[in-house]
Amino acid sequence: MLAQVLFSGLALGSIYGLVALGFTVVFKATEVFNFAQGMLVVCGAFFAVTAISLLGLPFGLSLVFIVVAAATLGILIHRVLIQPLSGQSMLSVIMLTIALSIVMRAVIEITFGPQGRTLATPLPTGVFLLGELRISQLHLVAALVSWFCMGLFGAFFKFTPIGLLMRATADNHEAALVCGVNVNLMNRLAWAIGAVLAAVGGLFLGQLQLASNDLESIGLLALPAVVIGGMQSIPGAIIGGLLVGLIEQLSASYISPKASDIFIYILLILILLIRPWGLFGQKELGRV
Amino acid sequence: MSDSSRFWRWGLAILGVLILLYLPVLLTERSILGVRLSNMQLLNLGLTQINLMLIAMLGALSLNYLTGMAGLISIGHAAFYATGAMVAAITGSQWGWPFPAVLVSAAAVGALVGVIAGLPSLRVRGLYFVLSTFAMHYIVVFVFQEYQFKFFDVVGVPYPEASISSFVLNTPTRWYFVLLPMVVLVFWGLKNTLSSREGRAMLAMRDHELATTSSGIDVRFLRLKAFALSSAIAAVAGALYAYYLTNVTSEFFGIHFAIQFIAMIIIGGMGSLSGALVGAALWLLLPSIITGFASQGGTDGGLFQQMLVENKSQLVQVIFGSLVIVLLIFAPTGLAGIGRKIQTRFVALWNHP
C-alpha cells in the first residue's frame, strides 16, 4: 500500500516538478509570478486534443504541433502583455497573469465547450505488476518523460551557449544588456520554455484525467511546489514538485481525499514563516 | 465663484440622494412616472443585482483599504467572506441569534481571523506575503467545507430570514434600505480613517516603510490593525451575502471569488475608495447588461449571434479579463485615475479658457 502510494506520488510529483520548472524558468528570467501557469497546462492538454482528435495528426507530428503551439503562445504572452508592463508593481503583473487566465479559460470554454474531452494518445495505458506493486504504464511514462525533459533543460542551461546567455540574463538584466545580450530575446525564450514545459505536463495530466479546465487547479499546484523548493532554484522546483506530489497522494490515501491539498498549503505557510526563501533557495538580503 | 460651486455641489448631492432613494421604486415597478419601461431600457437590471452589488462594494472597499491604502496585497480576501458566512451559520442558523448580533459576531471573529492572517506580514514581504494569503485562503475554505459537511450536507448551509427587531428583510427593497446605509457608513468611515493620524501613518507605510519606522511609528502593529479592520468589514459582507442568498456552499468561496475583488479594485483604481465602488458596480452590473444585449440580439439568429447567446457567461469573462488587461497596460491607475486626469484637464480649461 505504502509503496503504491509512494509510486503514484512520485509519478504525479514528476509532472508537477516539470510544470514548476517551467514556472521557475519564467520567474528567474522575467520576475513574473505567473498565475496563468495552471491555464498553460490546460492549453497544453487542449493543444493535444486539437492535434490528435480534431486534426487527426499522427502522434509524432502532434508532439511537434503541441511544442510549437505552446512556444508561440508563450512568446506571444511575453511580447504582447508582459513586456509593456515591465517596471510596473508586482500586483499589476500578478493581476495581469490572473486576468489572462480568466480570458484563456473563457476562450477554451467557447471553443471546446464546457465539458472535458478525453485525450487518446498511443502511449501505453496498461498496468504491470512488479512484485506487489501495480505500476501504471502511463504514470511511468509520464514520470520518465518528465525526468527526461528536466534533464534536457538542465543540460541546456548548463552546457549550451544560449543556456549560458539565459542564465546571465536572469542573473542581471543590465549587466547582460551591457555585454550585448539580446535580453528581450532571452526573456521570450524563457517564456517559450515555460509554456512548453507546462504543455507537456498538460499532455500527461489530460490523459491521466480529462482534458478540461479543471486541470488548472492541478497546474496551480506548481506554485506551492516552487515556493517550497525555493523560488530561484531549478533543482528546488523539481524537488518541490516531487514533495507536493508525495504529500498529495499520502494525505489523500491515509487521511482523506478532500484534505489532499490542505497539507500542501499548510506546509507552504510553514515554509513561508520559517524559511521564506524555500528549501533550496538563497536567502535574499533586504536592501535599503 | 465659490458660492456657485457650493450650490452646484449641494445640488448634485441632493440629486444623487433622490436618485438613490427612487432607484428601488423604479426597479420594482419597472416604470418611471407612470411610463412603462422595457427590460432593455432598464439595462436588464433588477434590484437583486443592485443589492449584490452593494454587498460586493463592502468587499471591494475593505480590500482597497488593505491593498490600496496599507499596501498589503491579499489574494485571499474571499477567506474573510467565508469566515463571515461561517460565523453567521454558527450563530444565526445553529444558535438562533438575532440578525444584528450575528453581524457583530461576524465582525469580531473576522477581525480575529484577519489578525491571524496578517501575522506572516511581520516576517515576510511582497510576493511571499501574497502567497501566505493564498495559502490561508485554501485553509479557511477547507475549514468551511468540513464544517458544512459535518453539520449540514452537500446542498449547503441554510440561513434564516434576516430581521432587525420587527423589520423583516423579506423583499429586495427592504434589503436595499439596509445595505445602502451600510455602504455609505463604511465608505465614510474609511474615508475619515484615512485623514486621521493613523490613516496618514498607514499611507506613509505603504509608500516608504523604512521612513515610517524611523519616524517612530510601529509598522507591525499598524499592519495588523489594517488587517483587522479590513477583514472585519469583509466578514460582515460575507455574513450579509450568506443571509441574502439564504443558502451558501463552500464552493462559492473559491479562488475566483477572491480574484474578482482584486479585479474590482484594479478596474476602479488602486488606492481610491470611490474607485472601489465604481469597480464593484461595473463588475456586478455589466455582466447582466451584456447578457441582456446578447440575448436580445440572439432572436434574429445569425451564426455569430447564436454563439453570443450560447456563451454569455464566457463572453462576460472575456470582456472583463480583457478590460483588466487593457487597464493594467494603458491606465494602471484605473478608472479613478482616468477620472482624475479628465477632471484636472477640465478644471484647467475652466480656469484658463
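The values are calculated or read from the model by the stated rules, or taken from the named source; none is laboratory data. These numbers come from a predicted model, not from an experiment. Here the Cβ is made from the backbone with ideal geometry for all residues, glycine too, and neighbour counts use every protein chain on show. When the accessible area is computed, the model is the full protein with side chains, heavy atoms only, and any ligands, DNA or RNA have been set aside. Shrake-Rupley method; radii C 1.70, N 1.55, O 1.52, S 1.80 Å.
With the requirement that a residue be over 19 Å from B:Lys150 (Cβ atoms) and either within 14 Å of another protein chain (Cβ to nearest Cβ) or modelled with pLDDT under 90 (or both), what does segment B:80-97 give you?
B:Trp97
Can you tell me which of (1) assigned to a loop (DSSP other than H, G, I, E, B); (2) more than 14 Å from every other protein chain (Cβ to nearest Cβ); (3) surrounded by 23 or more Cβ atoms within 10 Å (Cβ to Cβ); (4) of a type in the set (A, V, I, L, M, F, W, C) is the one B:Ile55 doesn't meet?
(1)
Within segment B:315-342, track down each residue that is open to solvent by 40 Å² or more (accessible area, probe 1.4 Å) and within 11 Å of chain A (Cβ to nearest Cβ).
B:Gln317, B:Ile319, B:Ser322, B:Leu323, B:Val326, B:Phe330, B:Pro332, B:Thr333 - these are the residues of segment B:315-342 that are open to solvent by 40 Å² or more (accessible area, probe 1.4 Å) and within 11 Å of chain A (Cβ to nearest Cβ).
So which of A:Ala106, A:Ala48, A:Ala70 is open to solvent by less than 70 Å² (accessible area, probe 1.4 Å), touching a Gly at 6+ places or on another chain (Cβ under 8 Å), part of a helix (DSSP H, G or I) and within 14 Å of chain B (Cβ to nearest Cβ)?
A:Ala106
Filter segment A:258-274 down to the residues that are open to solvent by 20 Å² or more (accessible area, probe 1.4 Å) and facing chain B (nearest Cβ under 8 Å) and list them by number.
Passing the criteria: A:Lys258, A:Asp261, A:Ile266, A:Ile269, A:Leu273.
Of all the residues that make up segment B:112-139, how many are more than 9 Å from every other protein chain (Cβ to nearest Cβ), surrounded by 22 or more Cβ atoms within 10 Å (Cβ to Cβ) and hydrophobic (A, V, I, L, M, F, W, C)?
Counting residues in segment B:112-139 that are more than 9 Å from every other protein chain (Cβ to nearest Cβ), surrounded by 22 or more Cβ atoms within 10 Å (Cβ to Cβ) and hydrophobic (A, V, I, L, M, F, W, C) gives 2.
The conditions are (1) among the polar types (S, T, N, Q); (2) crowded, with 18+ Cβ neighbours inside 10 Å; (3) more than 21 Å from the chain's Cα centre (by Cα), and A:Ser101 fails exactly one of them. Which is it?
(3)
Search segment B:155-171 for residues being at pLDDT 85 or above and buried (at least 19 other Cβ atoms within 10 Å of the Cβ), and hand back the single one that is farthest from B:Tyr22 (Cα to Cα).
Across segment B:155-171, the extreme among qualifying residues is B:Val157.
Taking helices (runs of 4 or more DSSP H) that fall entirely within segment B:160-268, which contain at least 3 residues that are touching a residue at least 12 places away in the same chain (Cβ under 8 Å) and more than 14 Å from chain A (Cβ to nearest Cβ)?
Result: B:172-194, B:197-207, B:219-245.
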